[in-house]
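Single-structure report; data block below.
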Amino acid sequence: MAAQPTIPRRGLFVGGGWREPSLGRRLPVVNPATEATIGDIPAATAEDVEIAVAAARDAFSRDGGRHWSHAPGAVRAKFLRAIAAKIKDRKSDLALLETLDSGKPLDETDADMEDAAVCFEYYADLAESLDEKQRSPISLPMENFKSHILKEPIGVVGLITPWNYPLLMATWKVAPSLAAGCTAVLKPSELASLTCLELGAICIEVGLPPGVLNIITGLGPEAGGPLSSHPHVDKVAFTGSTETGKRIMTAAAQMVKPVSLELGGKSPLIVFDDVDIDKAVEWAMFGIFANAGQVCSATSRLLLHEKIAKQFLDRLVAWAKNIKVSDPLEEGCRLGSVVSEGQYEKIKKFISTARSEGATILYGGARPQMLVHQCKFGERKSLDQSSVSKSLGQRVKLWNLQMILTMV
């Protein structure tokens with residue numbers, strides 16, 4: 001098992017440096033696999049959002065944008081590649097931090113760090129290619145008119161990201177924003193912020209111009225809300241729940257502000273009777289049990305052709321029984337903890353509701369006995385068996401006439 005690192009104590013990353021939150025408050029960081037408090041993060045409020053947005057606005061317009069927003073894409077690409085290189089250098093440490101913070105198996109967070117680095121490299125290439133496309137002519141059927149394409153950064157962007165892929169999902173928003181010449185304020189989920197704060201430390205190491213990227217942590221209503229509704233934020237990009245997305249869209253509409261929303265889903269996997277069943281079962285397992293099923297595109301429903309339904313489910317249950325459920329730092333772990341006790345209780349309620357409305361639990365749905373007494377509170381609440389259940393032939397509230405997978 002990997003050695004436990006010291007959790008860095010960071011402030012808010014604003015204007016190229018660290019600062020304490022205006023109200024001096026901090027939030028505990030809880031390892032969801034042990035329920036132990038392992039550190040804390042700053043709790044930003046509206047006052048901190050004001051400072052961060054002002055820093056981003058200043059960085060965008062400083063010296064007429066010569067050093068960032070209107071600099072050649074090759075200039076920005078240099079910084080993006082430097083960030084990618086630092087992430088690769090620190091991949092093991094970052095992966096360990098993210099596992100402790102979110103409960104994901106170490107193999108998964110290690111792959112996520114590699115993907116984050118590759119994402120920065122990809123957008124570095126795009127930033128460079130943007131130079132070649134600027135002012136490219138458009139052919140018009142009129143001799144007296146000329147038309148050219150000029151792509152310009154939109155301005156200051158507010159980026160609000162979730163807890164299921166903490167650094168990777170942040171990278172998906174940060175890298176394209178910076179490549180385009182925007183400046184940004186990133187607000188990661190309070191449930192998993194450690195690696196995003198370490199991105200701030202990396203920005204200092206590579207000499208990213210102050211204020212180009214600012215990172216504030218804290219609760220959604222206290223930090224995310226003021227960021228999404230701020231009049232000097234030119235665009236908001238959000239990944240998270242549908243309800244929060246609605247509130248962000250409503251706030252943005254008052255200023256006719258563009259938004260990008262990636263919201264929750266309930267994704268079915270449709271399996272016909274002519275498939276290779278073993279392959280289909282393998283992909284169904286990956287689709288629901290990777291990242292403990294905490295993915296908006298997780299295949300949490302199965303729609304099976306009746307000719308293969310029993311055979312498919314028998315093999316699915318057999319596979320589920322072989323999943324290693326353990327501390328996410330243990331070698332070979334395939335199913336770690338869910339991210340928080342609140343998430344755990346929500347999923348337990350789903351299973352309880354399914355049972356009460358007629359669904360049959362084919363496997364799991366309870367806490368593995370070897371994990372019951374490993375937590376300091378007497379039981380490890382956030383680690384449970386994989387669970388496979390089915391609902392057939394009757395109307396149930398959550399899963400009407402469809403096969404379902406539920407992961408706890």
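The values are calculated or read from the model by the stated rules, or taken from the named source; none is laboratory data. Just so it is clear, the model here is predicted, and its values are computed rather than measured. A quick note on method: Cβ atoms are made from the backbone with ideal geometry, for glycine too, and the neighbour counts reach across all protein chains shown. SASA here: full protein model, heavy atoms, side chains in, ligands and nucleic acids out. Shrake-Rupley method; radii C 1.70, N 1.55, O 1.52, S 1.80 Å.
Just a few scattered comments:
- Filtering Glu152, Glu132, Glu128 for residues that are open to solvent by 20 Å² or more (accessible area, probe 1.4 Å), part of a loop (DSSP other than H, G, I, E, B) and among the acidic types (Asp, Glu) leaves a single hit, Glu152.
- Single residue of Leu191, Leu208, Leu197 found to be in a loop (DSSP other than H, G, I, E, B), closer than 22 Å to Asp58 by Cβ and at pLDDT 95 or above: Leu208
- Any hit, segment 225-232, residues being within 14 Å of the chain's Cα centre (by Cα) and within 16 Å of Ala55 (Cα to Cα): no
- Residue, modelled with the lowest pLDDT, within segment 335-366, restricted to residues that are part of a loop (DSSP other than H, G, I, E, B) and surrounded by fewer than 19 Cβ atoms within 10 Å (Cβ to Cβ): Ala366
- Candidate set: segment 71-107, residues that are over 27 Å from the mean Cα position of the chain (by Cα) and farther than 17 Å from Leu213 by Cβ; chosen: the one most open to solvent (accessible area, probe 1.4 Å): Pro72
- When the criteria are applied in full, Ser69 fails the requirement of being without any contact (Cβ under 8 Å) to a residue 12 or more places away in the chain and over 30 Å from Leu335 (Cβ atoms).
- Among the candidates Leu199, Leu168, residue that is out of contact with any strand residue (DSSP E or B) (no Cβ under 6 Å at 6 or more places or on another chain) and free of Cβ contacts under 8 Å to residues at least 60 places away in the same chain: Leu168
- The single condition among (1) under 25 Å from Ala192 (Cα atoms); (2) over 23 Å from the mean Cα position of the chain (by Cα); (3) open to solvent by less than 30 Å² (accessible area, probe 1.4 Å); (4) not basic (Lys, Arg) that Trp68 does not satisfy is (1).
- So Asp40, is it at pLDDT 95 or above and within 25 Å of Ser337 (Cα to Cα): yes
- Residues (surrounded by 17 or more Cβ atoms within 10 Å (Cβ to Cβ) and more than 10 Å from Leu159 (Cα to Cα)) located in segment 217-227: Thr217, Gly218, Gly220, Glu222, Ala223, Gly225, Pro226
- Residues (over 27 Å from Gln343 (Cβ atoms) and either open to solvent by 50 Å² or more (accessible area, probe 1.4 Å) or in contact with a Pro (Cβ under 7 Å, 6 or more places away or on another chain) (or both)) located in segment 228-242: Pro231, His232, Lys235
- Among the residues listed as Glu114, Glu108, Glu35, the single one being within 19 Å of Lys173 (Cβ to Cβ) and touching a residue at least 12 places away in the same chain (Cβ under 8 Å): Glu114
- Sole exception among (1) buried (at least 16 other Cβ atoms within 10 Å of the Cβ); (2) touching a Gly at 6+ places or on another chain (Cβ under 9 Å); (3) assigned to a helix (DSSP H, G or I) for Asp58, by number: (1)
- Unmet requirement for Ala192, which otherwise passes all of (1) surrounded by fewer than 18 Cβ atoms within 10 Å (Cβ to Cβ); (2) under 30 Å from Val325 (Cβ atoms): (1)
- Residues of segment 299-334 that are without any contact (Cβ under 8 Å) to a residue 60 or more places away in the chain and surrounded by 14 or more Cβ atoms within 10 Å (Cβ to Cβ): Ile308, Phe312, Arg315, Trp319, Ser326.
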